[in-house]
Amino acid sequence: MLLPTAGETGIGKSTLMDTLFNTKFESDPATHNEPGVRLKARSYELQESNVRLKLTIVDTVGFGDQINKDDSYKPIVEYIDAQFEAYLQEELKIKRSLFNYHDTRIHACLYFIAPTGHSLKSLDLVTMKKLDSKVNIIPIIAKADTIAKNELHKFKSKIMSELVSNGVQIYQFPTDEETVAEINATMSVHLPFAVVGSTEEVKIGNKMAKARQYPWGVVQVENENHCDFVKLREMLIRVNMEDLREQTHTRHYELYRRCKLEEMGFKDTDPDSKPFSLQETYEAKRNEFLGELQKKEEEMRQMFVMRVKEKEAELKEAEKELHEKFDLLKRTHQEEKKKVEDKKKELEEEVNNFQKKKAAAQLLQSQAQQSGAQQTKKDKDKKNASFT
Ligand code: GTP
Ligand code: MG
């Protein structure tokens, strides 16, 4: 697996991958407003001189886009570690199948350096330093067509001395095996490779070749006088692919595995230099774990009791308040009831008095009517007597 990484975006990662593997991995530029760095893996099957090559490229999306770049390297480190962890888990299985394991470990990291001609950015140094114990770093100068030839030479040696003075370990082309010793030694001198990427084909003489065209001329990607693209391809795919795998397994993965197993409490020898017993380690870890579990359980129990007590007190308080409210309401209700009854009595009395007065008035009225009628009769009788 290959990891193209750079301290900044738009530096030509996708174009170079397309140029290297004669394919179109990704055409759209990444969106550069991601909140953090994200790693995106894509797998491809390639045909490289009669060899079928299964390759995964993990793109670092958004690296260098954040204002605060302090933690930018973390997702990359986490990704690399996660692949190591997956391999370790497979290795630790009782029934392991490493022979057909789909290895997702990162075998090389192409670190793209901006063609500034000055020096490495601190972000580049920090990132490479964080990665160098985890992955084979191959530094490359991107968009090398934008830097003049004499400047490029100085820039290359400046970068190499900065890497050395900052203790950054880059991938060393192996020179211990006879067949590749010579080529690797010659190629090492050209590091970091200055590369140009392009998928555009331009007619040169009577052949088509990958190149970048400018008003003043043509930069040929595969012309060794123009850039180091061919050297990179040779080193990465043809000469050292197996060594990159081996280094990943024997150096980087081994380191991860050792640290992880030590962290888990495993050792090769005990304090008396006797072989360390796996059974004892297991039991010690188990007891430690059980002890912690019990402690946690006790803490949780106490916390639970405390919470229940708190809730109980809260409920009691609420109940008391409710009782008080109820009593108050009851009292107000009784007072109101008494007032209404008093008023009722008053009104009834008023009604009685009124009825009495009404009866007296009616009596008076009927008496008055009677005496009125008698007087009229007497008057009529008197009239009749006077006529006769
Ligand atoms: P992101 O994925 O968006 O971060 O960008 P990238 O690093 O993948 O860069 P990409 O390959 O998309 O290229 C960005 C721009 O740089 C494009 O316009 C490319 O044509 C141009 N470019 C790529 N390689 C080179 C190169 O070698 N030289 C020059 N001069 N330009 C290049
Ligand atoms: Mg890209």
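The values are calculated or read from the model by the stated rules, or taken from the named source; none is laboratory data. Since we're looking at a predicted model, the values are computed, not measured. Backbone-built Cβ (ideal geometry, glycine too); neighbour counts: all protein chains shown.
Data overview
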read-out	value
Failed item in (1) in a helix (DSSP H, G or I); (2) more than 16 Å from V77 (Cβ to Cβ); (3) of a type in the set (A, V, I, L, M, F, W, C), with L123 passing the rest	(2)
Residues within the range 252-272 that are surrounded by 15 or more Cβ atoms within 10 Å (Cβ to Cβ) and at pLDDT 90 or above, tallied	4
Residues of the range 89-104 satisfying the condition of being farther than 25 Å from N240 by Cβ and surrounded by 13 or more Cβ atoms within 10 Å (Cβ to Cβ)	E90
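Residues checked against (1) touching a Cys at 6+ places or on another chain (Cβ under 9 Å); (2) among the aromatic types (F, W, Y); (3) outside any loop (DSSP other than H, G, I, E, B); (4) surrounded by fewer than 21 Cβ atoms within 10 Å (Cβ to Cβ):
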| residue | (1), (2), (3), (4) |
| --- | --- |
| I106 | no, no, no, no |
| L110 | no, no, yes, no |
| S119 | no, no, no, yes |
| M128 | yes, no, yes, no |
| K134 | yes, no, no, no |
| N150 | no, no, yes, yes |
| K154 | no, no, yes, yes |
| M160 | no, no, yes, yes |
| G167 | no, no, no, yes |
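Okay, residues lined up against (1) aliphatic (A, V, I, L, M); (2) in contact with a helix residue (DSSP H, G or I) (Cβ under 6 Å, 6 or more places away or on another chain); (3) at pLDDT below 90:
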residue	(1), (2), (3)
I94	yes, no, yes
T116	no, no, yes
I138	yes, no, no
V180	yes, yes, yes
L191	yes, no, yes
V202	yes, no, yes
